[in-house]
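The values are calculated or read from the model by the stated rules, or taken from the named source; none is laboratory data. A quick note: this is a predicted structure, and the numbers were derived from the prediction, not measured. Heads up, the Cβs are rebuilt from the backbone with ideal geometry, glycines too, and the neighbour counts pull from every protein chain shown. Quick note on the areas: whole protein, heavy atoms, side chains included, nothing else; ligands and nucleic acids left out. Shrake-Rupley method; radii C 1.70, N 1.55, O 1.52, S 1.80 Å.
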Amino acid sequence: MPVIRNASFVATCPDDSVQANVGLVEHGTVVWEGDSILWVGPEASLPSEYHSLEQIDVRGAGVIPGLIDCHTHLAFGGWREGEFEQRILGVSYLEIAQRGGGILSTVEKTRIASEESLLALCRDRLREMNQLGVTTVECKSGYGLDRETELKILRVYKKAQQLEPTNIISTYLGAHTVPQEFRHDRKSYIQLVLELAEQIASETLASFCDIFIEESAFTVIEAREILTHALQQGLQVKVHSDQLSNLGGTQMAAELGALSADHLEQISQQGIDALKRSGTVAVSLPLASLYTFQPPLDARKLIQCEVPVAVATDFNPGSAPSSHLPLALLLACTLNRMTPAEALKGATIYAARALGIASERGSIEPGKKADICVLTTPNVEHWLYNFGEARCQLTIVNGSVAFSRM
Ligand SMILES: [Zn+2]
């Protein structure tokens, strides 16, 4: 049973509706036993029965809940740095796709990658994320777009969950785009997406079904059919919507009770009102705006309209080739105009809500899982303002050390 000593603060990040309230406890401490948190409060009020416990002296560092990256495309073969250069030089997404780049080039490389090699890549990526304080990662399929590869990716996530300390939440994204071989037969591809959703739900290979609603991907009508079917199979749903154009996907997602709607750079007031009514979490992905030179989401407006805003990396080899969640949080401050406190809440308890796990993770409260990150920073604001490497000193997942620099 360990206890943290000499922390400058504990930000508990309570599950309330005030995005800026990180539940600050000055000179706070946390006690946990096994994988569960027992006590949190000011160190001066630590009950005497906890005084003789194993002590972790954090020497003035701060304590936050383990970070939750609620939107990644973790398993993919190959990279696309050539496209990064082309985009800088002004080549459009469409031209890049015509030259054989884009999502379909990653699909090709992911289809030929072995399950073992994808697993090794994912394990390395998860370890890197542990070093930044990340304890839970949502992982999407979507670079297979055929039965064999979609199942392969989801099996990789299941194995990674057994081998790595990180909590993994898997999402089936067969409706990422229509693959080359179905270019002239969308209906048959959608039929395959529906069949696979059934198989994936029955084999419990994913918790969520996601879809990319965009002119180049799927329409709102197609999305409604696929997500309604997924809900009937027992999968929860989320969407990529309003990224490049506003097609009304966010309102449809809210109506179906989606736990999150992600991207939203082009969201309308009707979309914002729909999210507020349904309690759907808006997920901001500022790295994608930065890398694609797109106008960023106005998160300030959403927060003012009382919509909870989570922040994630969207880690993928095209539009967001970085798994650095603290960097995404810095960009949430500078591009999306979220305060550091709001950004922190967006990568902890609100990210947990976006994944349907807020009752067990995302905040430091008695009874919750002991997912904890220790940071060298005097306060939450300074962490994202004086941005630097190696801020994370210690990452605890389910009560055990996943990474330590102490
Ligand atoms: Zn994405």
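With r defined as the distance between the Cβ atoms of GLU389 and THR228 and R0 fixed at 41 Å, what FRET efficiency is calculated, to the nearest 0.05? It would help to have the intermediate numbers written out before the result.
Values: r = 45 Å, r/R0 = 1.10.
The formula returns an efficiency of 0.35 here.
By average Cβ neighbour count within 10 Å, what is the ranking of 209-219, 396-406, 276-286 from highest down?
276-286, 209-219, 396-406
Using a Förster distance of 25 angstrom, determine the FRET efficiency expected from the C-beta separation of SER322 and ASN21, and round it to 0.05.
The formula returns an efficiency of 0.30 here.
Express the C-alpha Rg of region 233-287 as a ratio against the empirical globular expectation 2.2 N^0.38 Å, rounded to two decimals.
With N residues counted in region 233-287, Rg over 2.2 N^0.38 Å equals 1.02.
Go ahead and set up a Gaussian network model of the chain, Cα springs under 10 Å, then flag whichever of PRO340, PRO42, PRO179 fluctuates most.
Its mean-square fluctuation being the largest, the pick is PRO42.
Using the heavy atoms of the protein chains alone and a 1.4 angstrom probe, what is the accessible area of the chain per residue in square angstrom?
For the chain, the solvent-accessible area averages 38 Å² per residue.
Could you give the radius of gyration (one decimal) and Dmax (whole number) of the Cα atoms in region 19-130, in Å?
23.2, 68
Roughly what % of DSSP beta bridges within region 1-146 run antiparallel, to the nearest 5?
50 percent
Carbon-plus-sulfur fraction of the accessible area of the chain, 1.4 Å probe, in percent?
Working: 7970 of 15530 Å².
The C+S portion of the solvent-accessible surface of the chain is 51 percent.
Once the Cα atoms of helix 269-278 and of the chain are each reduced to a long axis, what angle between those two axes, in degrees from 0 to 90 to the nearest 10, is obtained?
Approximately 60 degrees, to the nearest 10.
Rounded to the nearest 10 degrees, what's the angle between the helix 147-163 long axis and the longest principal axis of the chain, both from Cα atoms, 0 to 90?
With both axes taken from Cα atoms, the answer is about 10 degrees.
Give the residue from PHE208, LEU53, LEU121 lying farthest towards the positive end of the charge dipole for the chain; charges sit on Cβ (+1 for Lys and Arg, -1 for Asp and Glu) and the dipole is referred to the Cα centre.
Of the options given, the answer is LEU121.
Please give the peptides 354-360, 88-94 ranked by average Cβ packing (other Cβ atoms within 10 Å per residue), highest first, as a rough proxy for protection.
Top of the packing list down: 354-360, 88-94.
Looking at region 67-354, what % of the alpha carbon pairs are farther apart than 23 Å?
Summing the P(r) tail past 23 Å for region 67-354 gives 50 percent.
Quick one: putting +1 on the C-beta of Lys and Arg, -1 on the C-beta of Asp and Glu, what dipole do you get for the chain around its Cα centre, in Debye to the nearest 20?
Its charge dipole is roughly 240 debye.
Spin-label point model (7 Å from Cα, Cβ direction): what's the ARG300 to GLU360 distance in nm?
It is 3.9 nm.
Say each of THR204 and SER92 gets a label point 7 Å from the Cα, pointing the same way as Cα to Cβ; how far apart are those two points in nm?
In this crude label model, THR204 to SER92 measures out at 4.8 nm.
Run the quick spin-label model on SER268 and GLU148: label points 7 Å from Cα toward the beta carbon, then report their separation in nm to one decimal.
So the label points at SER268 and GLU148 sit 4.3 nm apart.
With springs only between Cα atoms under 10 Å, which of LEU290, LEU235, LEU331 fluctuates most in a Gaussian network model of the chain?
Judging by the Gaussian network model, the answer is LEU290.
Mind checking which of GLN199, GLN266, GLN19 has the largest fluctuation in a GNM of the chain, springs on alpha carbons under 10 Å?
Most flexible of the set in this elastic network: GLN199.
For the chain, what does the relative contact order come out to in percent, with C-alpha contacts under 8 Å and a separation of six or more?
Relative contact order for the chain comes out at 21 percent.
For the chain, what does the helix formula give at 222 nm: sum of -39500 (n - 2.57) over DSSP H segments with n ≥ 4, over the residue count, nearest 500 deg cm²/dmol?
It lands at -10500 deg cm²/dmol.
Using only the alpha-carbon atoms, what does region 298-406 span along each of its principal axes? Please give whole angstrom values in decreasing order.
So the three principal-axis extents are 38, 32, 31 Å.
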